[in-house]
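Participant: Structure incoming, see below.
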Amino acid sequence: YGRTYQDAQGQPTIFDFEAVKVAEDTVLKPEETREETFTFHTPKDTKTFDVEVGLNYAPLTGPASFLQRVEAESSQGSQDPAFQPIEIVKRTENVPVGK
C-alpha cells in the first residue's frame, strides 16, 4: 500500500514536493479495512502450515543523495528512526490447507 506521484515531466517521483499529480493511491484510509487473498503452493500431504503476517511503516526511501542528506542532518545519523521499519502489528496463525 502506498502513494506514487508524477512530476511536471510526467516521470514517477516519491517526493510529494515534486509532485504535480498523484499517479496511484492505495493508502489505507482511517478505519478502513481490506481483505486480501493469497495462494500458496504446498506439498500434496500438507494438512496445515504457519502463516506470519506483519504490517510495518516502511523506512525512508529515495535517491542516495536524498538519503545521505537526511542522514547528515539527523543527530542520530543512519540510526535515525526514519531509516528503520516500524512494526505496527504482527500475527502468526496455523491455517488448514483448503481443498
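Participant: Charges only on Cβ, +1 for Lys and Arg, -1 for Asp and Glu: so what's the dipole of the chain about the Cα centre, in debye to the nearest 20?
Facilitator: Dipole size: approximately 380 debye.
Participant: Right, next: In the chain, if the dipole is taken from +1 on Lys/Arg beta carbons and -1 on Asp/Glu beta carbons about the Cα centre, which of H41, L55, P81 is farthest to the positive end?
Facilitator: It is H41.
Participant: If you don't mind, there's one more thing I want to ask. So what's the back-of-envelope 222 nm ellipticity for the chain, counting only DSSP H runs of four-plus at -39500 (n - 2.57) apiece and dividing by all residues, rounded to 500?
Facilitator: Working: 1 runs with 10 residues, N = 99.
For the chain, the value works out to -3000 deg cm²/dmol.
Participant: Further question: With angles folded into 0 to 90 degrees, how steeply does helix 64-73 sit against the dominant principal axis of the chain? Use alpha carbons for both and round to 10.
Facilitator: 70
Participant: Sticking with this structure for a sec: Tell me the GluC sites (Glu not before Pro) within segment 14-98 that lie in a loop according to DSSP and have at most 15 other beta-carbon atoms within 10 Å. Could you put the intermediate results ahead of the total?
Facilitator: Working: sites: E18, E24, E31, E32, E35, E36, E52, E71, E73, E87, E93; in loops: E31, E32, E35, E36.
Of the GluC sites (Glu not before Pro), the ones in loops of segment 14-98 whose Cβ has at most 15 other Cβ atoms within 10 Å are E31, E32, E35, E36.
Participant: For the chain, what number results from the quotient of the Cα radius of gyration and 2.2 N^0.38 Å?
Facilitator: 1.52
Participant: Same structure, new question: Which one, P81, P12, P30, has the greatest fluctuation when you compute a Gaussian network model over the chain with C-alpha springs under 10 angstrom?
Facilitator: P30
Participant: Computed over the Cα atoms of segment 1-59, what is the convex hull's projected area averaged over all directions, in nm²?
Facilitator: About 6.8 nm², averaged over all directions.
Participant: Moving on. Enumerate by residue number the chymotrypsin sites (Phe, Trp or Tyr not before Pro) in segment 1-81 meeting two conditions: DSSP loop (anything except H, G, I, E, B), and at most 11 other Cβ atoms within 10 Å of the site's Cβ.
Facilitator: Sparse-neighbourhood loop chymotrypsin sites (Phe, Trp or Tyr not before Pro): Y1, F15, F38, F40.
Participant: Y1 to E87: extension gain in nm, 0.36 nm per residue of separation minus the Cα-Cα distance?
Facilitator: Contour length minus Cα-Cα distance gives 29.5 nm.
Since every read-out is calculated from the coordinates, none of them should be taken as a lab result. If you're wondering where the values come from, they're calculated on a predicted model, not measured in any experiment. Cβ: placed from backbone, ideal geometry, glycine included. Neighbour counts: every protein chain shown.
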